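Notes to accompany the following structure.
Every number here is computed from the coordinates shown, using simple stated rules; none is lab data. Small disclaimer: the values here were computed from a predicted structure and weren't measured. Note: ideal-geometry Cβ built from the backbone for every residue, glycine included; neighbour counts use all protein chains shown.
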Amino acid sequence: MFTTENLTKSFYLFHEKIEQQKNQLSELDQAIGDGDHGNNMSRGMTAVIQGIEEKQPETVPELFKVAAMNLISKVGGASGPLYGTAMLQMSKASQTTEDTCQILTEGLAGIKNRGKSSEDEKTMIDLWFPAIEKMQQGKLTKEDLVAFVERTKDMEAKKGRASYLGERSIGHIDPGAASSQLLFESFMEAGVF
Ligand code: ADP
Ligand code: MG
Ligand code: MG
């Protein structure tokens, strides 16, 4: 279950992980995109932490909202509006339910709507979708997350910059799936699930 405490902790952890892996994320994006994914996420999450410290949100929906607004307004790349829309939908969902899977499913629906994308197109959805599915079936583990990211290697990109490469995108991990792994790991370490 999301609580004000564990969600705040999740965002701090996510920011830390992004800072630690900024270069690796940008390197993944260098191979099949424009090489800025680590920097985009770093700029976004730095703004999210600043927003949290300034606004001191006291509820789960408010926390997701602060995250959404900062990601949408501070990140130039595609990932900002995509993560931001996910957070906005999670803000809305958490006003009416405490069901973690349902809240995450609404977040995923936000990404799909915004990106006009679905599973197996080599995007962050290929982390979100199987992760939520596994949570519905039983326990999601960190090993599962690693496996889901690895699976994006074999996929051909159908959306975003990587899709310009067509078949040449095969053999590389999707950077957005890799950053989403860090988000889900943060939720786990903060005790959300
Ligand atoms: P940009 O491509 O604008 O430079 P980033 O490099 O920050 O933005 O983010 C790229 C990531 O965004 C991709 O690895 C992919 O996971 C995700 N992405 C891009 N387009 C879409 C889309 N239409 N739907 C879902 N995810 C997408
Ligand atoms: Mg990029
Ligand atoms: Mg870019």
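Volume of the convex hull of region 113-193 (Cα atoms only), normalised per residue: 87 Å³.
Taking 15 Å as the straight-line reach from the Cα of K112, the aspartates and glutamates in range (excluding those fewer than 8 positions away in the same chain) are D120, E121, D126. Each residue of region 54-65 was assigned a 3J(HN,Hα) from its phi angle through the Karplus curve 6.51 cos²θ - 1.76 cosθ + 1.60 (θ = phi - 60°); the sequence is 6, 8, 6, x, 10, 10, 4, x, 5, 4, 4, 5 Hz, with glycine and proline shown as x. Considering all different alpha carbon pairs of the chain, the Kirkwood hydrodynamic radius works out to 16.3 Å.
On a C-alpha basis, how far is the centre of region 6-70 from the centre of region 130-164 in Å? Whole number, if you could? Region 6-70 and region 130-164 have Cα centres separated by 20 Å. Residues in region 110-125 carry Karplus couplings, in order, of x, 5, 4, 5, 5, x, 6, 10, 9, 4, 6, 10, 6, 9, 4, 4 Hz; the curve used is 6.51 cos²θ - 1.76 cosθ + 1.60 with θ = phi - 60°, and Gly or Pro positions show x. Can you work out the PRE-style zone for N23? Point 7 Å along Cα to Cβ, and I want the residues of region 178-193 with backbone N under 20 Å. What the label zone holds, given the 20 Å backbone N cut-off, is 178-179, 182. For region 1-63, relative contact order (Cα pairs under 8 Å, six or more residues apart, normalised by length) works out to 42 percent.
Normalised by the number of residues in the chain, the mean separation of alpha-carbon contacts (under 8 Å, six or more apart) gives a relative contact order of 24 percent. Full extension of the chain between E5 and K158 yields a length gain of 51.3 nm, computed as 0.36 nm times the residue separation minus the alpha carbon distance. When each of the peptides 172-182, 132-142, 46-56 is scored by the mean number of other C-beta atoms lying within 10 Å of its residues, the order from highest to lowest reads 172-182, 46-56, 132-142. Going from the fewest other Cβ atoms within 10 Å to the most, the residues D144, D29, D120, D126 appear in the order D120, D144, D126, D29. Tell me the net charge near E150. Cut-off is 12 Å between Cβ atoms, E150 excluded, with +1 for each Lys or Arg and -1 for each Asp or Glu. In short, -3.
Annotation: peptides 74-83, 30-39, ranked by per-residue average of other Cβ atoms within 10 Å with the highest first, follow the order 74-83, 30-39. Projecting label points 7 angstrom from Cα along Cα→Cβ for E58 and I170 puts them 5.6 nm apart. Note that region 178-187 has calculated 3J(HN,Hα) couplings of 5, 6, 5, 4, 5, 5, 5, 4, 5, 4 Hz, one per residue in order, obtained from phi through the Karplus relation 6.51 cos²θ - 1.76 cosθ + 1.60 (θ = phi - 60°); glycine and proline are x.
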